[in-house]
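**Q** Submitted below is the structure of interest, expressed as structure tokens.
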Amino acid sequence: MDPFLTSRIVTDILGGLTNGVIYGMVALSLVLIWRSTGVLNFAQGAMPMFATYVGFALLSYHFSYWWCVVACVIAGVLIGGLTERLLVRPLYGKPEINPIVVMVGYLIVLEAVAAAIWSSFPRSLPSPFSSIHWQLAGKPFALSPFIVYEIASGLLVMIAVAVLFRFTKLGLQLRASAVAPEVSRLLGVRVGRLLTLGWMLSTVVGVITTILVSSNFFSGLTPQINDGIFAFGFIAAAIGGLESPVGAIVAGVVLGIVNQFVTDYVNQNAVIIIALALLVVSLMIRPSGVFTKPSERRV
Amino acid sequence: MKLNDPRLRVQVAVIAAIAATVISLVSAGSTREGVAYALVLDLVIACATTLSLPDLKTHHPVLFRATLTLLGVDVAISITRFLSSSTNFNLATGAAMSIVLLGLSFLTGASGQISLGNGAFMGVGAFAMAIWANHHATTPVVLTLLIAVACGALVGLLLGLPATRLRGPYLAGMTLAFAVAFTFILSSFSSWTGGDSGLQLPTEAVAPRWLDGFFHAGTSPLTTTTLYITDVAIVVAGVAFFFMANLFASRIGRSMRLIRDNDVAAELVGISLPRTRVTAFIVSSAYAALGGALLTLIDNSVSPATYSFALSVTILSLIVIGGIGTISGALIGGVIYAFSTNVISWITNQTGLNPQGNFASQLNGIIFGGLLILTMLFAPLGIAGAARHFWHRVRSRT
Amino acid sequence: MTITGTALLLCLGLVTAGTSIVGAGAATKKVPGVTATQITIGATEPETGIAASGYNQVAKAADAVFKYVNKHGGIYGRKIKYVIKDDCYGTPGFGCTGVPNTATQTHALLGIPVFATVGSLGTPTQDSVRALLKGDDVPQLFVASGSQDWNNPHQYPGLFGWQPSYNEESKIFAKYINATYPNASVCFLGQGDDFGTDGLAGLIAGGITPTAESLYSVGALVTTNGASIAPYIQQFQSDKCTIVVLDTIPGATDAAIGAALQLSYSPQWVISSVGSDPQTVDAPFVGKVPTDPEIGAISFSYLPTTTTNSPWIPWITKVIEADPADFPGFTSTSVLNGNIAYGAAYGVAFVEALRATGKNLTRASFLKTLQSVTFSQTPSLVPLRYTTSNHQGLNGGYVTTVISDAAMKPLTGTVYTTDSSTTGPVIVAKTKSSGIPAWLK
């Protein structure tokens, strides 16, 4: 058993799963916002980053890690809600390039303000579990307590959100508010509130992702920490289909594992190139994503 | 003869031109400089005369645009002689950037597609220029620029083909992935691209002998070289603007605007959606490649770090602030790019902030990003659009 | 178009054409950047952006030295003005708020004008402006990089390096490894530019045959927040290397050490001076591991470490403390780090060269002095010596070990010198630096 578990293939799969969970969460947050408000959120990495900075500022007041996580989540809820109200609300009904550009500007401002307040120097965050990999028969195994925590939290969050979205009344209301706001209002749904809720939820998922990523052993929290992950999360969301939360999760995990294999068997430069190729091929075959039904165009 | 008579104007113009030539030759001696200045004056007079002909704009629009461009280029080149070499350098960079902005303005405004990859297309042109120049040092500059444009167009075709079927966010996503992947593509071919260090052009750009008189300003070799480069940039930008103006007004431009506003109607009229979309993409990437190649010429070197995703974001931001879908927007964006650092350092000085401190060093990002948000919320057509709107309102009052 | 319009256009045209005749550029000063009371020099530095952490202190430390000298009357009555332009290492993004284009920033410096550029940082950045500076006869002094590109006196007579080359550092490492760990299995991880390739060449020239050698890309490092280094370390572990040589920037050093910790792999680290500064490298591990994982690593220094009793240490501390604008919060008990020591050292070298040139300061006389005088009273361990055929700069130092999260100490204290060739031997330094000149105290 041990030789199998420490073999190259298993190591790559487990390593890829770690990244894949992260990409899946980013993809999921993008899909949440797309499904609930029809906006492609380029600040999807920057908003949770800012919330994480705010939450972990409590560290200097000697709060424990878990209290800081709670603070980050609260900050995420606030930032998500305020953003939807103040920046996104005025743009409904405008050409679709408008919110994209506003979110890009928002991304630039958030990163600049975070660096102005806390500087760009990596900020070390405590991690609640050890990052030392377990050893099996003297050879290092791909998992460590921290990685298990990372994968478990990620899967938990993703499944919880997907279940909420697809199987609960709240989820139904969220979906309805996006697709048919007038009808929903007539049925008594507080559409405005739900749109804000969609953004809050998405930001909280992002906050959890950011905390996991920045509790990384040897790097730390920087204003740019989510930039690289955003690209891969985006690719995963586009491949899986911006309409499908399940698609986002699956595509993210698969992409993470594929990336790991490419890094191991080819080289690092090839990773994003192959991801781009996968994206192009996937979009040529299914332009609206693998997991979404092709929509008809209304004439 | 009435004063409005075109023939009278032409006669006046000819007399003025002869007078101008004589004056410059006398004042500057029958040197190369004298001939050069005489040509400048004659050109200005010719342009002014042509522009004053009645109904030129409506009956001969291409000639009108050509004359306007020629006059603009002429004025710009004359002004560069008066400026310091670092200002000229910034102007040259701004001119190169405005070409790129033209391409993106066309793509987003005229045809409604979003591209987040124009920084990478710039890089294609920039590296094509450097690689070719290093292997074939004797090729004339104009030809190398055209080769770079061809490379950009080719890559645009490759990416544009899958793009035809994609809706807004998916297209944005694909171009984003390309922009992020570009630097890694460059690293994969590091024997051609020079790896992290990039490439230098084999020789510094020097004015050809027959133009010597124009650039021999009597100051240091640096000023002369920078002057030459800036003037080349302005001329290339002028040509690019001229073509784009004609493209906007042509049948292709009209087809694209129809697709942007109502793609179903366009199909009903017989416009081929995929073909037009790909054409727009190719035009935008060709322009970006031209801008990138020009930048390589200006910097005399090319480095992969410059052509990152952040550059694509900058390009989008500049054209949004300048005005999507407009030509003047590209010009405004280019000017902002050229001089924004000067403005920011002026602001830092005025407000007494510590220039090395955290806040001042992030001021650029805060202002830029903030401008982007405010523009999109309150003036989505950018400065050019807002100016046009303002001009209409003033006009309708009088 | 109306008559008025035509007339306006004609006037505009005549005016602009007229100015093109009149405007002939400002008269140039006698020696650019030098007046009776001031010398203006410039540098392009990564003050913000991807390379900023740590490196943004280098030029500021040199500036502190210049401010100190200015307070004491300057050099022959001329005060030094150091204009630092932020070029973000030529890379946009990552919080860059300067102009991420070295050519643009260099042009801005030349427009001031400056007497020379002093201490500009980066290999690709400074490579890209060599021709520009040469074309304007501006000396490009003390480039902050260990590349051998600065040692090209025939093509670039005004271009000078300062720190020992990566090649020289590796040869000295190789000598130490061969003497102390004979027959050990050595693995090499270097940056994917001449930092890594020159470093590897130096190791091999010094007689080491690495079991495994890898080059990492900075782009991948940044995009993956450091995770891209882990596969290399994993490979070194399966190859059972007992010594790992790192020619890495601090971010990659951290990634390598972190990956090894996770895999419970503890090789003997040998880290280039470029990426070994303890304060910078340890920062991400604070609070996550009980002790600084870099302790015990071997490195190299061409400046005296803070643990020695070199008189330069208190002098530099005094100078930095006296410059709160550049170093707010630095007190007499703060420990110097490698970046500050580096900047202060080349700052001292520059003022000494200025003084040695004499009151009649021209670019030609300065360069002549630089290539004929041996500067043995600067902070560096070995004297600074340039000749008309060698512009590399310092050529030696001693091997050190990291003893805490803030300091290193010399391992044997023997200072070695060598050259960048494959055959030049590593020898014990014949001459060493000797104290602070009286006029600088």
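The values are calculated or read from the model by the stated rules, or taken from the named source; none is laboratory data. A quick note: this is a predicted structure, and the numbers were derived from the prediction, not measured. With ideal geometry, Cβ positions are generated from the backbone for all residues, glycine too; neighbour counts draw on all protein chains shown. With ligands, DNA and RNA removed, areas are computed over all heavy atoms of the protein, side chains included. Shrake-Rupley method; radii C 1.70, N 1.55, O 1.52, S 1.80 Å.
**Q** Pairs under 6 Å by beta carbon, first residue at the interface with chain A (Cβ under 7 Å from one of its Cβ atoms) in the range B:164-180, partner open to solvent by less than 10 Å² (accessible area, probe 1.4 Å) and among the aromatic types (F, W, Y), six or more apart or different chains?
**A** Pairs found: B:G173/A:F234.
**Q** Let me spell it out: the conditions are (1) touching a Ser or Thr at 6+ places or on another chain (Cβ under 6 Å); (2) open to solvent by 50 Å² or more (accessible area, probe 1.4 Å); (3) more than 10 Å from every other protein chain (Cβ to nearest Cβ), and B:F82 meets all of them except one. Which number is the exception?
**A** Of (1) touching a Ser or Thr at 6+ places or on another chain (Cβ under 6 Å); (2) open to solvent by 50 Å² or more (accessible area, probe 1.4 Å); (3) more than 10 Å from every other protein chain (Cβ to nearest Cβ), only one is false for B:F82: (3).
**Q** Something else: In the range A:126-164, how many are within 12 Å of chain C (Cβ to nearest Cβ) and among the hydrophobic types (A, V, I, L, M, F, W, C)? Steps first, answer last, please.
**A** We begin by selecting, within the range A:126-164, every residue within 12 Å of chain C (Cβ to nearest Cβ); these are A:126-136, A:138-147.
Keeping just the survivors that are among the hydrophobic types (A, V, I, L, M, F, W, C) gives A:129, A:132, A:134, A:136, A:141-143, A:146-147.
Qualifying residue count, the range A:126-164: 9.
**Q** Can you tell me which of B:A66, B:A95 is touching a Leu at 6+ places or on another chain (Cβ under 8 Å), open to solvent by less than 40 Å² (accessible area, probe 1.4 Å) and in a helix (DSSP H, G or I)? Write out each step before concluding.
**A** Details: B:A66 fails: touching a Leu at 6+ places or on another chain (Cβ under 8 Å).
Only one candidate passes the filter, namely B:A95.
**Q** Which condition number does C:P92 fail, the rest of (1) more than 23 Å from B:P202 (Cα to Cα); (2) more than 8 Å from chain B (Cβ to nearest Cβ) being met?
**A** (2)
**Q** Also: Taking C:V69, is it touching a Gly at 6+ places or on another chain (Cβ under 7 Å) and either assigned to a strand (DSSP E or B) or open to solvent by less than 20 Å² (accessible area, probe 1.4 Å) (or both)?
**A** Numbers: touching a Gly at 6+ places or on another chain (Cβ under 7 Å): no; either assigned to a strand (DSSP E or B) or open to solvent by less than 20 Å² (accessible area, probe 1.4 Å) (or both): yes.
No; evaluated as a whole, the condition is false for this residue.
**Q** While we're looking at this one, here's another question. Residue check, B:R275 against (1) in contact with a Leu (Cβ under 8 Å, 6 or more places away or on another chain); (2) away from chain C (no Cβ under 14 Å); (3) of a type outside the set (F, W, Y), all met but one. Which one?
**A** (1)
**Q** For the range B:348-360, how many residues are open to solvent by 20 Å² or more (accessible area, probe 1.4 Å), outside any loop (DSSP other than H, G, I, E, B) and either touching a Pro at 6+ places or on another chain (Cβ under 6 Å) or at pLDDT below 75 (or both)?
**A** Within the range B:348-360, residues that are open to solvent by 20 Å² or more (accessible area, probe 1.4 Å), outside any loop (DSSP other than H, G, I, E, B) and either touching a Pro at 6+ places or on another chain (Cβ under 6 Å) or at pLDDT below 75 (or both) number 3.
**Q** Let me ask you something else. Does at least one position in the range B:317-327 carry a residue that is within 14 Å of chain C (Cβ to nearest Cβ) and part of a helix (DSSP H, G or I)? Steps first, please.
**A** The initial filter retains those residues of the range B:317-327 that are within 14 Å of chain C (Cβ to nearest Cβ), namely B:317-318.
Retained after the next criterion (residues that are part of a helix (DSSP H, G or I)): B:317-318.
Taking every residue of the range B:317-327 in turn, at least one turns out to be within 14 Å of chain C (Cβ to nearest Cβ) and part of a helix (DSSP H, G or I).
**Q** Is the range B:260-282 home to any residue that is aliphatic (A, V, I, L, M) and closer than 22 Å to B:P61 by Cα?
**A** So the first thing to find is which residues in the range B:260-282 are aliphatic (A, V, I, L, M), and the list is B:264-266, B:268-269, B:271, B:273, B:278, B:280, B:282.
Checking the rest, the ones that are also closer than 22 Å to B:P61 by Cα come to none.
No - not one qualifying residue is present in the range B:260-282.
**Q** In the range C:242-260, is there at least one residue being more than 9 Å from chain A (Cβ to nearest Cβ), more than 28 Å from the chain's Cα centre (by Cα) and at positive phi?
**A** The answer is no, given that none of the residues of the range C:242-260 is more than 9 Å from chain A (Cβ to nearest Cβ), more than 28 Å from the chain's Cα centre (by Cα) and at positive phi.
**Q** Could you say whether any residue in the range A:39-58 is in contact with a Lys or Arg (Cβ under 9 Å, 6 or more places away or on another chain) and touching a residue at least 12 places away in the same chain (Cβ under 8 Å)?
**A** The first filter runs over the range A:39-58 and keeps only residues in contact with a Lys or Arg (Cβ under 9 Å, 6 or more places away or on another chain), leaving A:53, A:56.
Okay, now just the ones that are also touching a residue at least 12 places away in the same chain (Cβ under 8 Å), so A:53, A:56.
So far as the range A:39-58 goes, yes, one or more of its residues are in contact with a Lys or Arg (Cβ under 9 Å, 6 or more places away or on another chain) and touching a residue at least 12 places away in the same chain (Cβ under 8 Å).
**Q** Looking only at the range A:229-248, which residues are within 9 Å of chain C (Cβ to nearest Cβ) and open to solvent by less than 10 Å² (accessible area, probe 1.4 Å)?
**A** A:A231
**Q** Identify all residues within the range C:72-122 that are touching a residue at least 24 places away in the same chain (Cβ under 8 Å) and in a helix (DSSP H, G or I); write none if there are none.
**A** Within the range C:72-122, C:C88, C:Y89, C:G90, C:T102, C:A103, C:Q105, C:T106, C:H107, C:L109, C:L110 qualify.
**Q** Something else now. Can you name the number of the only condition in (1) open to solvent by 30 Å² or more (accessible area, probe 1.4 Å); (2) assigned to a helix (DSSP H, G or I); (3) within 10 Å of chain C (Cβ to nearest Cβ); (4) more than 15 Å from B:D231 (Cα to Cα) that B:V44 fails?
**A** (1)
Condition check ((1) within 21 Å of C:A325 (Cβ to Cβ); (2) under 20 Å from the mean Cα position of the chain (by Cα); (3) at the interface with chain B (Cβ under 9 Å from one of its Cβ atoms); (4) at pLDDT 95 or above) across all residues:
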{"position": "C:T97", "(1), (2), (3), (4)": "yes, no, yes, no"}
{"position": "C:G111", "(1), (2), (3), (4)": "no, no, yes, no"}
{"position": "C:A116", "(1), (2), (3), (4)": "no, yes, no, yes"}
{"position": "C:P124", "(1), (2), (3), (4)": "no, yes, yes, no"}
{"position": "C:D136", "(1), (2), (3), (4)": "no, no, yes, no"}
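**Q** Then there's this: I want to confirm something. Restricting to the range A:67-122 and keeping residues that are among the aromatic types (F, W, Y) and at the interface with another protein chain (Cβ under 7 Å from one of its Cβ atoms), which single residue is farthest from A:L195 (Cα to Cα)?
**A** Kept after step one, since they are among the aromatic types (F, W, Y), are these residues of the range A:67-122: A:67, A:92, A:106, A:118, A:121.
So of that shortlist, the ones also at the interface with another protein chain (Cβ under 7 Å from one of its Cβ atoms) come out as A:106, A:121.
On the way: A:Y106: 19, A:F121: 35 Å.
Filtering the range A:67-122 for residues that are among the aromatic types (F, W, Y) and at the interface with another protein chain (Cβ under 7 Å from one of its Cβ atoms), the one farthest from A:L195 (Cα to Cα) comes out as A:F121.
**Q** Which residues, taken from the range C:259-304, are open to solvent by 10 Å² or more (accessible area, probe 1.4 Å) and within 19 Å of C:S380 (Cα to Cα)?
**A** Hits for the range C:259-304 are C:S273, C:V274, C:D277, C:S301, C:Y302, C:L303, C:P304.
**Q** If you scan the range A:4-40, which residues turn out to be modelled with pLDDT of 90 or more and farther than 22 Å from C:G226 by Cα?
**A** Across the range A:4-40, the qualifying residues are A:L28, A:S29, A:L30, A:V31.
**Q** Can I ask one more? When you look at C:A174, is it free of Cβ contacts under 8 Å to residues at least 24 places away in the same chain and either of a type in the set (G, A, S) or open to solvent by less than 20 Å² (accessible area, probe 1.4 Å) (or both), yes or no?
**A** So C:A174 does not fit the description; no.
**Q** Of everything in the range B:98-138 that's among the hydroxyl-bearing types (S, T, Y) and over 18 Å from the mean Cα position of the chain (by Cα), which residue is farthest from B:G253 (Cα to Cα)? Please lay out each step first, then the result.
**A** Looking only at the range B:98-138, we keep the residues that are among the hydroxyl-bearing types (S, T, Y), and these are B:98, B:105, B:108, B:111, B:115, B:138.
Checking the rest, the ones that are also over 18 Å from the mean Cα position of the chain (by Cα) come to B:111, B:138.
Details: B:S111: 8, B:T138: 37 Å.
For the range B:98-138, the residue satisfying everything is B:T138.
**Q** May I pose another question? Among the residues that make up the range B:112-125, is at least one of them open to solvent by 10 Å² or more (accessible area, probe 1.4 Å) and at pLDDT 95 or above?
**A** Yes - at least one qualifying residue is present in the range B:112-125.
Conditions (1) part of a helix (DSSP H, G or I); (2) surrounded by fewer than 21 Cβ atoms within 10 Å (Cβ to Cβ), marked per residue:
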residue: A:S60; (1), (2): yes, yes
residue: A:R85; (1), (2): yes, yes
residue: A:K94; (1), (2): no, yes
residue: A:A114; (1), (2): yes, no
residue: A:A152; (1), (2): yes, yes
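**Q** Out of C:Y386, C:Y342, report the one residue that is out of contact with any Phe, Trp or Tyr (no Cβ under 8 Å at 6 or more places or on another chain), open to solvent by less than 40 Å² (accessible area, probe 1.4 Å), aromatic (F, W, Y) and modelled with pLDDT of 95 or more. Break it down stepwise before answering.
**A** Values: C:Y386 fails: out of contact with any Phe, Trp or Tyr (no Cβ under 8 Å at 6 or more places or on another chain).
Testing whether each residue is out of contact with any Phe, Trp or Tyr (no Cβ under 8 Å at 6 or more places or on another chain), open to solvent by less than 40 Å² (accessible area, probe 1.4 Å), aromatic (F, W, Y) and modelled with pLDDT of 95 or more leaves just C:Y342.
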